């Protein structure tokens, strides 16, 4: 679900309501070592719960996250709520 690679939190699987609590806890535990940001290339599905997890990680880090490979659905949600700049989302290639 979450692995730390080269200073990045690499998320895989769904970022949905069903997985949000586990993602939040796992990410918070590894966040101090994730100075290079968050890689979402392995995310299969996302809903607003995934956006909430990213916002909580950013709050806990005390800085905007550098989020790479954001799924289009996540980028659309972030833009809808005017949060895309706060999270520093970079779209999936």
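When only alpha carbons are used to place a centre, region 8-43 and region 58-87 end up 13 Å from one another. Compute the distance in nm between two label points, each set 7 Å from the Cα along the Cα-to-Cβ direction, one at residue 12 and one at residue 60. Computed distance between label sites residue 12 and residue 60 equals 2.1 nm.
Over the residues of the chain, the helix contribution to mean residue ellipticity at 222 nm works out to -12000 deg cm²/dmol, using -39500 (n - 2.57) for each DSSP H run of at least 4.
Compared with the direct C-alpha span, the chain from residue 79 to residue 45 gains 10.5 nm at full extension, assuming 0.36 nm per residue. Working from Cα pairs under 8 Å separated by at least six residues, relative contact order for the chain is 27 percent.
Read the figures in this text as sums done on the coordinates, not as results from a lab. Note that the structure is a prediction, hence the values are computed from the model and not measured. So basically every Cβ, Gly included, is an ideal-geometry build from the backbone, and we count neighbours across all protein chains shown.
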